[in-house]
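What follows is a single structure, written as structure tokens, with notes after it.
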Amino acid sequence: MFQDRLLRNHAPPGSTDRPPVGLHGAGIGGLVSAVIPTFNRAGLVTDALDCLASQTYKNLEVIVVDDGSTDETGSVLAAWAKRNRNVHIELVRQANMGVAAARNAGALLARGEFIYFLDSDDLIAPYGLDKLVTALRENRSAPFAVSHVANTDMDGGEIARDQCGWARQSQTSVLRNHWLISSALYRRSTLRKSGLFLTSLKTGEDTELNWRVVATSGVGVLVNEVLGARRHHDRGHLFLGNSARTNVRWAINTIAAFADWREAAQIQMQPISLRSLVGVMGLGIRAGCNGDFHDKDRAFALVKRLALLSPMRANLLRVVSRPNASPYFLALFGMIRTIKLVGSMRHHWQRSASSR
């Protein structure tokens with residue numbers, strides 16, 4: 001079944017929007033609603049659709065949100081749907097409003113008990129949804145199931161075995177939770193509690209949502225396997241070409257959005273860990289080194305908002321927030337990142353040598 005829907009009057013929320021609440025009702029039992037947002041990905045989106053069509057878990061509907069594409073994405077999607085009439089797919093077209101708004105539009109049309117978000121340039125193994133659904137059925141209290149994702153090139157070769165694709169969960173600090181959006185299967189009820197994606201965030205909207213999920217429902221169940229692939233390419237990644245200054249600012253914006261939500265919702269949770277607070281302080285130091293003293297002040301203000309500081313931690317905050325201290329801490333962070341990069345390169349070289 002193929003439906004093509006044009007959303008004509010779907011205006012984006014303002015910059016101070018709160019997470020939209022939707023997903024009413026329990027949904028259709030056992031049904032997975034897979035939401036794919038896409039923008040100018042005519043050459044990639046069918047790979048994501050092929051992955052879903054080949055799933056061993058068959059109780060599935062697919063909702064593709066074309067976020068105002070100006071290339072051949074629309075016609076490519078229609079042609080794919082006609083070739084795969086056995087897949088229940090709905091195409092939603094809207095004016096360009098960003099990935100968060102596109103995911104929200106798809107989620108609000110979802111009918112399933114389970115919600116899955118797959119970016120249009122990423123992949124999931126044929127048995128991926130089967131394993132995630134099984135994990136949730138075996139762990140009835142888990143709000144979501146999450147797996148690991150490999151970072152690959154366009155030919156499927158692993159780029160580096162680092163932490164960005166490995167799901168991390170923590171019951172002691174919300175900000176230490178991290179996983180890629182395409183590695184998780186959420187219960188409908190979980191997203192009803194947390195709300196959906198913030199459209200005011202340019203990047204990090206998935207991370208901020210996951211923090212809200214943990215804050216409202218707790219940690220999920222981990223399927224300790226690689227079930228998907230995050231493909232690296234130069235075809236429209238938002239962060240490509242950004243300056244370090246811009247990326248730091250967007251990271252601070254993500255944390256600030258979560259802090260705003262936590263205060264507005266009056267959510268009681270365990271204190272943010274010292275390790276997480278140091279990470280926020282590191283963003284402030286980097287902003288200061290970039291000359292963005294407003295962003296530096298925002299980051300250090302976030303540290304105070306996220307945790308009650310002991311006298312010792314307050315003194316530490318005052319020391320590292322001094323302008324003349326920033327370069328020394330930045331040099332330390334740079335050395336740590338260099339060591340991690342060298343380790344990733346060594347793994348890549350060893351893997352290449354063993355495959356010859």
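Descriptive notes on the structure:
- For the range 23-52, taking the residues that are buried (at least 21 other Cβ atoms within 10 Å of the Cβ) and of a type in the set (Ser, Thr, Tyr), the one that is nearest to Leu109 (Cα to Cα) is identified as Ser33.
- Residue match in the range 143-160 (condition: among the charged types (D, E, K, R) and either open to solvent by less than 50 Å² (accessible area, probe 1.4 Å) or in contact with a Ser or Thr (Cβ under 7 Å, 6 or more places away or on another chain) (or both)): yes
- Exactly one residue out of Lys193, Lys202 is out of contact with any Phe, Trp or Tyr (no Cβ under 7 Å at 6 or more places or on another chain), open to solvent by 30 Å² or more (accessible area, probe 1.4 Å) and either under 26 Å from Arg262 (Cα atoms) or part of a helix (DSSP H, G or I) (or both), and it is Lys193.
- Any hit, the range 307-315, residues being modelled with pLDDT of 65 or more and either among the small types (Gly, Ala, Ser) or open to solvent by 40 Å² or more (accessible area, probe 1.4 Å) (or both): yes
- Test: Arg235 is over 24 Å from Leu23 (Cβ atoms), modelled with pLDDT under 90, part of a loop (DSSP other than H, G, I, E, B) and out of contact with any helix residue (DSSP H, G or I) (no Cβ under 9 Å at 6 or more places or on another chain): yes
- Residue within the range 163-179 that is among the basic types (Lys, Arg), surrounded by fewer than 20 Cβ atoms within 10 Å (Cβ to Cβ), at pLDDT below 95 and not in a loop (DSSP other than H, G, I, E, B) present: yes
- Residue list for the range 67-88, filter: open to solvent by 10 Å² or more (accessible area, probe 1.4 Å), free of Cβ contacts under 8 Å to residues at least 60 places away in the same chain and not in a loop (DSSP other than H, G, I, E, B): Gly74, Ser75, Val76, Ala79, Arg83
- Residue match in the range 89-97 (condition: in a loop (DSSP other than H, G, I, E, B), open to solvent by less than 30 Å² (accessible area, probe 1.4 Å), touching a strand residue (DSSP E or B) at 6+ places or on another chain (Cβ under 8 Å) and not acidic (Asp, Glu)): no
- Subset of the range 109-134 [more than 22 Å from Phe197 (Cα to Cα) and open to solvent by 10 Å² or more (accessible area, probe 1.4 Å)]: Ala125, Pro126, Tyr127, Asp130, Lys131, Thr134
- Filtered residues of the range 280-300 (kept if open to solvent by 40 Å² or more (accessible area, probe 1.4 Å) and assigned to a helix (DSSP H, G or I)): Arg286, Cys289, Phe293, His294, Asp297, Arg298
The values are calculated or read from the model by the stated rules, or taken from the named source; none is laboratory data. Predicted model only: the values in this text are computed from it and were never measured. In this analysis, Cβ positions are derived from the backbone assuming ideal geometry, glycine residues included, and neighbour counts consider all displayed protein chains. We work out accessible area using only protein heavy atoms, side chains counted, and drop any ligands, DNA or RNA first. Shrake-Rupley method; radii C 1.70, N 1.55, O 1.52, S 1.80 Å.
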